[in-house]
Amino acid sequence: MTALKLTVVSAGLSVPSSTRLLADRLAEAVRRQPADDDRQVEVQVVELRDLAADIAHNTVTGFPSAALAKAIDAVTGADGLIAVTPVFSGSYSGLFKSFFDVIGAADDGALTGKPVLVAATGGTARHSLVLEHAMRPLFAYLRSVVVPTAVYAAADDWGGSGDPLTDTLPTRIARAAGELAELMHGRQSRPPASGPDQVVPFEQQLAALRPESRKE
């Protein structure tokens, strides 16, 4: 049985990176999720730090390098996507946005219907709303299906219980991973549209309204 493809986009800049650490924990949590169809999940990580120059070059020329093209194919061909960014000036990083701008410019429907888990890292919990005011709208614009639980990891989340008014980081990771895994397995097994819900091309609908197409 064909394995599901999960692509992880990490926009962390340092090595090691808390952004990459969160991305890896989310990916592992998705991979461990049980599934009725028993399909395995194959994980591929895209490190945007390694593609910074390629992304900038593509922005001004419109032509991706071989490495950037491979990363784009990994994202657009995946059954599910985890997108993680550090917070800069209250929003996602410029590198993160530029990468998805490149994808959208090449094909504005490339991420339509794709299950996406959004996550971010930052120094304090004050920046956690970046998930709702920046990341979720970005992927809604790209017509992706963003899972209900978004994951933000502040510095305090890594070593203890985090914010006492929220679930712990491991709890949020597990819940978000379960939601993404469910969407991935459902998307893979969904049958082709048929019956009354099938979309009829506009040209076909128009032809049916022409006088010569009607029966007396």
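Odds and ends about this structure:
- Check on VAL118, touching a His at 6+ places or on another chain (Cβ under 8 Å) and open to solvent by less than 30 Å² (accessible area, probe 1.4 Å): no
- Count of the range 1-51 residues which are closer than 15 Å to ALA71 by Cα and either in a helix (DSSP H, G or I) or not charged (D, E, K, R) (or both): 14
- Residue pairs meeting the criteria (Cβ under 6 Å; at least 6 apart or on separate chains; first closer than 13 Å to ARG20 by Cβ and part of a strand (DSSP E or B), in the range 77-95; second charged (D, E, K, R) and open to solvent by less than 20 Å² (accessible area, probe 1.4 Å)): none
- Condition check for ASP54 on (1) loosely packed, with under 15 Cβ neighbours inside 10 Å; (2) of a type in the set (Asp, Glu); (3) assigned to a helix (DSSP H, G or I): one failure, at (1).
- Scanning the range 100-110 for residues that are more than 14 Å from ALA71 (Cβ to Cβ) and either outside any helix (DSSP H, G or I) or open to solvent by 70 Å² or more (accessible area, probe 1.4 Å) (or both) yields ALA105, ASP107, ASP108, GLY109.
- SER91 being touching a Phe, Trp or Tyr at 6+ places or on another chain (Cβ under 6 Å) and modelled with pLDDT under 95: no
- Some residue of the range 134-141 being at pLDDT below 85 and either among the aliphatic types (A, V, I, L, M) or more than 22 Å from SER91 (Cβ to Cβ) (or both): no
- Answer residue from the range 121-147, given it is β-branched (Val, Ile, Thr) and open to solvent by less than 20 Å² (accessible area, probe 1.4 Å) and is farthest from PRO86 (Cα to Cα) among those: VAL147
Here is a yes/no grid of residues against (1) open to solvent by less than 70 Å² (accessible area, probe 1.4 Å); (2) in contact (Cβ under 8 Å) with a residue 60 or more places away in the chain; (3) under 14 Å from the mean Cα position of the chain (by Cα):
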site: LEU4; (1), (2), (3): yes, yes, no
site: ALA29; (1), (2), (3): yes, yes, no
site: ASP38; (1), (2), (3): no, no, no
site: THR61; (1), (2), (3): yes, no, no
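- Among the residues listed as ALA66, ALA125, the single one being modelled with pLDDT under 95 and at negative phi: ALA125
- Here SER93 fulfils each of the conditions (1) of a type in the set (S, T, N, Q); (2) more than 24 Å from GLU132 (Cα to Cα); (3) surrounded by 16 or more Cβ atoms within 10 Å (Cβ to Cβ) apart from (2).
The values are calculated or read from the model by the stated rules, or taken from the named source; none is laboratory data. Note that the structure is predicted; figures quoted are calculated from it, not measured. Glycine gets a Cβ as well: all are built from the backbone with ideal geometry, and neighbour counts include every protein chain shown. Remember, those area values only see protein heavy atoms, side chains included, never the ligands or the DNA or RNA. Shrake-Rupley method; radii C 1.70, N 1.55, O 1.52, S 1.80 Å.
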